[in-house]
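Visitor: Sharing a structure with you now.
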Amino acid sequence: MTPFKRQLLSLFKVNLIYANPQVTAQLRKKGKQGDEIFKSITIQQVMLSCVFTFVYGMSMFMIDFSQFPGYFTYYLGIFSILGFSQGVFVVYNVYFDSKDVEDYLPLPFSERSVFLAKFLSVGFFIIPFMLPILALFILTAFRSSVSIFLMLPFSLLLFVLFFTLYLELVTYFVSLLIQTKVFQKFKTTLTTLLMFIPTVGMLVGILYMNQQQAAISDMSQLKDQKVISILKPFHQLIVAPFSLDALIGFLIIVALVALFGMLIKEKTLPKIRNQVTTNTQKKKKTVYKSLRKQLISYHFNLIKNPTLQLQILSGLFIFPIVIIFPFFANGTGFLAELGIRYFALFFVVGIIFATMTLGINSLASVIISLDQDNLMFIRALPISFKDYIKLKYYFAFAVQFVSLFFIMLVGGLVLKLPIILITALIFGAFMGCLAGTSHFIRDDWKHLSLNWTNINQLFNRGSGAFKIMGIMFGTMIIGGISIFLLYMVTSTLDDARLLNVIVLGVISLLVVLYQLRIKKIFWEKMEG
């Protein structure tokens, strides 16, 4: 192996660590170091590539894409969204957030090997989401009228061009994004969104693919979709590679690859090389606040951690996207016809929703441990430590409930629920959030950890993976059965007012009793 290749391989391994810090942290937690991390990440990516290619390849096998250019461009578009959603996060981590370029300057690394290693590591993490596009090209070429012996290598070449152009577009997009004043001002929030985009992108893509399976189940009645014009040249290049339109499209693609390669070389790389921060900090006028306001500001600073925000957002949004939206995929018109008789039912739904979102990845489950060494410092101050922990409780509750409030309100309006039932959902979420915050803040105190180095270490304390999954699925099953039984009973009653009063009264009483129990076993034992 030549010295350049050895340098490239070493830098490539280092950049894989930056590409997805969460995966690296999990592997280190398992005791893996050095080459073991590299091998584990490689195996994960290879397995993910195989799974994606096989699953989506089988789903596309039924369609003759050579006859359906609309479906070709739609599938190409959805896989591009999946790759883009993963790519923006990886590009940001590898090129901009790692800030390691200056560390390479004293070392005998060529600039070419440094940036080529970054480019390859980004491609390595995106490739599993892009390989279905290769399968799409090959399947289309296989059913086209042109010889497969000619089109197979051409499909590979076309994929390489598409993939290269795609990496360049993602890199250039992120480089432009981080230079904006909006990004500089809201860097933490936008960084969290960059981390959250891959999850949402994957869910949207999977839901879309599942929806399409119903449409293509009957090939005899399959109707083509509207062609996405910007992606049409790729279909022409595979189906009719010798046509004039295909030749023009090929030259445009090659020109775009060259153009964005030059833009990255001339515009993006110098900014990465210099690692110059474009924003200048203005001197702020000192504003004196009360102790309570200072503590609240301190807690808002605590939750600026992007990984923490990602965990909270995941808990709030993944559950409704995965469970609720597919459940209502066949129509939600019946919801508008429901009346006040189902108030208790939606009250219970609100509680279960809050319980599902308020898990080990909620703010309440880590709010005390987030302080780290500051907790001991605050405990030594001449202020009530119990009041300080209560402030944490109210802060975590407020953040969680306000988030749930807007989700319930927007979701209810989208589903065209009557206002009274939206109120029931919000009231249920309030009660569930009240009890859930109490439970998890006590759990955080019970498993207090102040010496963590990565916030992911806080989320699995005191519970194994099987226990966590068991609790989640147990809640879903019990909640689903409760909702079903309550719906059946409500539907059979002529007057459900008494049932509503009983359900609300019993559940409210249970929440009050639980709060009293937490007061006795936790708050009364809290010193200070």
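The values are calculated or read from the model by the stated rules, or taken from the named source; none is laboratory data. Fair warning: this is a prediction, and the values are worked out from it, not measured in the lab. Cβ: placed from backbone, ideal geometry, glycine included. Neighbour counts: every protein chain shown.
Visitor: Going by what's in this entry, would L370 be described as assigned to a helix (DSSP H, G or I), touching a His at 6+ places or on another chain (Cβ under 9 Å) and either in contact (Cβ under 8 Å) with a residue 40 or more places away in the chain or assigned by TED's automatic domain parsing to the domain that holds W445 (or both)?
Guide: yes
Visitor: Go through the stretch 423-442 and give me each residue that's within 24 Å of L370 (Cβ to Cβ) and in contact with a Gly (Cβ under 7 Å, 6 or more places away or on another chain).
Guide: If the condition is that a residue be within 24 Å of L370 (Cβ to Cβ) and in contact with a Gly (Cβ under 7 Å, 6 or more places away or on another chain), then A429, G432 are the ones that fit.
Visitor: Here's a check for you: in the stretch 492-514, which residue that is surrounded by 14 or more Cβ atoms within 10 Å (Cβ to Cβ) and of a type outside the set (F, W, Y) is farthest from T437 (Cα to Cα)?
Guide: Among those that are surrounded by 14 or more Cβ atoms within 10 Å (Cβ to Cβ) and of a type outside the set (F, W, Y), it is A496.
Visitor: Among the residues in the stretch 255-274, are any at pLDDT below 75 and outside any helix (DSSP H, G or I)?
Guide: No, because not a single residue in the stretch 255-274 is at pLDDT below 75 and outside any helix (DSSP H, G or I).
Visitor: Within the stretch 396-437, track down each residue that is within 24 Å of the chain's Cα centre (by Cα) and either outside the structural domain of T357 (by TED's automatic domain parsing) or aromatic (F, W, Y) (or both).
Guide: F397, F401, F405, F406
Visitor: Can you tell me which residue is surrounded by the most Cβ atoms within 10 Å (Cβ to Cβ) among those in the stretch 375-418 that are assigned to a helix (DSSP H, G or I) and of a type in the set (K, R)?
Guide: K392
Visitor: Going by the conditions given, is F440 crowded, with 19+ Cβ neighbours inside 10 Å and either in the same structural domain as A354 (by TED's automatic domain parsing) or not in a helix (DSSP H, G or I) (or both)?
Guide: So F440 passes the test.
Visitor: Here's something else I'd like to know. Going by what's in this entry, would L150 be described as closer than 18 Å to L76 by Cβ and modelled with pLDDT of 70 or more?
Guide: Answer is no for this residue.
Visitor: For the stretch 395-434, which positions are under 20 Å from I367 (Cα atoms) and out of contact with any helix residue (DSSP H, G or I) (no Cβ under 7 Å at 6 or more places or on another chain)?
Guide: A398, V402
Visitor: Every residue in the stretch 347-363 that is modelled with pLDDT of 85 or more and under 20 Å from R442 (Cβ atoms), please.
Guide: Listed by number, the residues that qualify are I351, A354.
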